[in-house]
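First comes the structure, then the notes that go with it.
The values are calculated or read from the model by the stated rules, or taken from the named source; none is laboratory data. It should be emphasised that the depicted structure is a prediction, and the values quoted were computed from it without experimental measurement. FYI the Cβ positions are ideal-geometry reconstructions off the backbone, even for glycines, and counts take in every protein chain you see.
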Amino acid sequence: MSADGAAVVLAAGLGTRMKSARPKVLHELGGRPLLSWAVEAAQQAVEDGRVVVVIGAEAQAPAKELVGARAALALQEDRLGTGHALLQARDVASGAALILVTSADMPLLRPETLRSLIDSQRRATGPMTLLTTRADSQRGFGRIVRNGSGDVVAIVEEAHATPEQRQIREVNAGAYCFCAEWLWSALPDLPLSPKGEYYLTDLVEKAVAAGMSVAVVTTDDPDEVIGINTREHLAEAEAALRGRINRQWMLAGVTLQDPASTYIGPQVTLGADTLVLPNTHLEGNTTIGRGCRLGPGTILRDSRLGDGCRVEASVLEGAELDEDVEIGPFAHLRPGAHLMRGVHMGNFGEVKDSTLGPGTKMGHFSYIGDAEIGAEVNIGAGTITCNYDGEKKNPTTIDDGAFIGSDTMLVAPVRVGKRARTGAGAVVTKNVADDTLAVGMPARAIRKLKARDAD
């Protein structure tokens with residue numbers, strides 16, 4: 001849609017059935033607030049048009065922080081129904097010829113579906129187009145009432161429907177596109193419902209009474225119109241979103257051994273020929289290269305993996321792996337960890353704010369923090385960088401080809417030189433020169449290494 005259109009996202013509902021102190025639209029789906037999903041879909045649908053969010057007072061501050069410059073906010077101080085809510089956006093959306101209306105509690109509506117509403121209304125002779133679907137479980141949606149000619153004549157809310165009307169399978173999905181001029185003139189004249197609210201759906205009867213037709217777009221995807229009113233609904237939407245994302249990646253050449261137990265976030269990207277094993281969670285801004293093997297039982301969050309990496313039963317947070325890195329099982333990479341090409345990190349190891357150079361091996365039961373590790377270094381079992389002195393973090397440097405014996409304590413700040421070695425159980429408090437063996441507690445240099453010792 002060009003600048004002739006605007007989108008309004010209705011987000012002022014109290015959401016009392018969520019049984020939560022948090023406003024409903026701020027509950028998360030796939031790691032993102034419901035409101036974020038709705039705003040993003042509306043943005044994509046109207047392209048360079050405006051987006052307005054109608055919000056309640058209790059959610060105004062967090063919503064402003066969430067949407068930022070992506071949308072303007074309009075406050076609905078009194079909850080007087082959906083028609084009243086939309087009217088609060090009139091001033092902010094003024095000047096637009098078409099108004100797209102969606103709800104923040106319908107987070108799975110696709111931008112393509114919303115654009116189809118816009119395209120339909122552009123072609124329509126009447127003042128509005130509405131989205132419908134056919135469902136066996138109506139979940140409180142209003143029923144679409146048609147006349148003998150098949151024309152839409154009304155939307156009846158479930159609470160006011162007759163037993164016969166409740167048998168209607170076509171339901172209102174809660175998304176619309178209006179001719180703006182007609183909409184803003186019709187909204188103030190909506191009748192007050194028995195509940196004391198002004199229903200947006202009453203615009204259908206208003207248009208029909210004036211001799212105008214109402215256009216319809218139908219979606220065949222039941223998942224797309226899952227409305228969130230309870231935590232049960234939220235769980236249903238999570239399952240639907242997971243299925244949608246997983247299908248996308250399988251079609252793109254990624255193997256999911258058990259899609260039902262695989263969780264891939266909406267911002268994650270994966271390369272072809274990657275294998276994801278059961279009980280694996282890929283979250284946040286995570287990027288996976290080609291030909292990787294992930295899991296089982298692995299969590300990757302805000303991390304980047306190059307091609308050919310293998311991560312088994314481990315947790316990576318804010319980590320970066322170059323190509324052909326092997327991790328796990330039961331390893332933990334914390335923010336700032338960078339493992340370069342060909343690094344091997346075995347079970348029960350932890351790395352944070354450190355770089356491990358190409359080909360370095362860190363077998364098991366070790367902690368590396370605030371360190372720069374060179375290429376082809378061997379880090380023995382139980383190695384610890386003692387990086388915190390009670391006031392600040394201190395750096396450790398281990399140069400290329402060094403061999404760190406089991407249970408070595410590296411008391412930072414400290415440097416171990418090229419091809420140097422530490423004996424098992426050494427407590428290194430002073431720098432170790434190149435090609436030198438250091439042993440003891442505290443460690444002391446006992447001799448220079450011969451060439452064959454350093455190999």
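Before moving on, here are some points about what is shown:
- Condition broken by Gly342, with the remaining ones in (1) surrounded by fewer than 18 Cβ atoms within 10 Å (Cβ to Cβ); (2) assigned to a loop (DSSP other than H, G, I, E, B) satisfied: (1)
- Checking the stated criteria, Gln60 turns out not to satisfy the condition of being under 27 Å from Cys179 (Cβ atoms) and surrounded by fewer than 24 Cβ atoms within 10 Å (Cβ to Cβ).
- Test: residue in region 207-221 that is charged (D, E, K, R) and modelled with pLDDT under 95: yes
- No other residue among Met250, Met212 is aliphatic (A, V, I, L, M) and closer than 21 Å to Val145 by Cα apart from Met212.
- Test: residue in region 115-125 that is in contact with a helix residue (DSSP H, G or I) (Cβ under 8 Å, 6 or more places away or on another chain), over 19 Å from Ala11 (Cβ atoms) and touching a residue at least 60 places away in the same chain (Cβ under 8 Å): yes
- Filtered residue count, region 92-102, keeping only those that are at pLDDT below 95 and either under 21 Å from Gly56 (Cα atoms) or not aliphatic (A, V, I, L, M) (or both): 4
- Only a single criterion out of (1) buried (at least 17 other Cβ atoms within 10 Å of the Cβ); (2) more than 20 Å from His364 (Cα to Cα); (3) of a type in the set (Asp, Glu) is not satisfied by Asp407, namely (2).
- Residues satisfying the stated conditions in region 27-36, i.e. in contact (Cβ under 8 Å) with a residue 40 or more places away in the chain and surrounded by fewer than 24 Cβ atoms within 10 Å (Cβ to Cβ): His27, Leu29, Gly30, Gly31, Arg32
- Counted residues, region 173-199 - those being under 27 Å from Pro222 (Cβ atoms), modelled with pLDDT under 95 and outside any loop (DSSP other than H, G, I, E, B): 2
- Looking at Arg139, Arg134, Arg247, just one residue is more than 26 Å from Leu80 (Cβ to Cβ) and either modelled with pLDDT under 95 or crowded, with 18+ Cβ neighbours inside 10 Å (or both), and that residue is Arg134.
- Counting only strands (runs of 3 or more DSSP E) that fall entirely inside region 60-172 and contain at least 3 residues that are under 28 Å from the mean Cα position of the chain (by Cα) and of a type outside the set (D, E, K, R), the qualifying elements are 72-75, 98-103, 128-134.
- Options Ala71, Ala85, Ala104: the member that is surrounded by 21 or more Cβ atoms within 10 Å (Cβ to Cβ), within 22 Å of Arg244 (Cα to Cα) and assigned by TED's automatic domain parsing to the domain that holds Tyr176: Ala104
- Residue-level analysis places Arg122 among those that are surrounded by 13 or more Cβ atoms within 10 Å (Cβ to Cβ), out of contact with any Lys or Arg (no Cβ under 8 Å at 6 or more places or on another chain) and either within 22 Å of Lys195 (Cβ to Cβ) or in the same structural domain as Thr219 (by TED's automatic domain parsing) (or both).
- Looking only at region 330-339, residues that are in a loop (DSSP other than H, G, I, E, B), surrounded by 19 or more Cβ atoms within 10 Å (Cβ to Cβ) and not aliphatic (A, V, I, L, M) come to 0 in all.
- Just one residue in the set Ile327, Ile379, Ile288 is crowded, with 17+ Cβ neighbours inside 10 Å and over 30 Å from Arg242 (Cβ atoms); that residue is Ile379.
- Some residue of region 274-284 being under 25 Å from Pro111 (Cα atoms) and either at pLDDT below 95 or assigned to a strand (DSSP E or B) (or both): yes
- Some residue of region 8-26 being in a helix (DSSP H, G or I) and without any contact (Cβ under 8 Å) to a residue 24 or more places away in the chain: yes
- Residues (part of a loop (DSSP other than H, G, I, E, B), over 21 Å from the mean Cα position of the chain (by Cα) and crowded, with 20+ Cβ neighbours inside 10 Å) located in region 307-323: Gly308, Cys309, Asp322
- Options Glu372, Glu391: the member that is free of Cβ contacts under 8 Å to residues at least 12 places away in the same chain, within 37 Å of the chain's Cα centre (by Cα) and surrounded by fewer than 21 Cβ atoms within 10 Å (Cβ to Cβ): Glu391
- Condition check for Asp273: out of contact with any His (no Cβ under 8 Å at 6 or more places or on another chain), on the phi > 0 side of the Ramachandran plot and acidic (Asp, Glu): yes
- Candidate set: region 410-455, residues that are touching a Pro at 6+ places or on another chain (Cβ under 9 Å) and of a type in the set (A, V, I, L, M, F, W, C); chosen: the one surrounded by the most Cβ atoms within 10 Å (Cβ to Cβ): Val428
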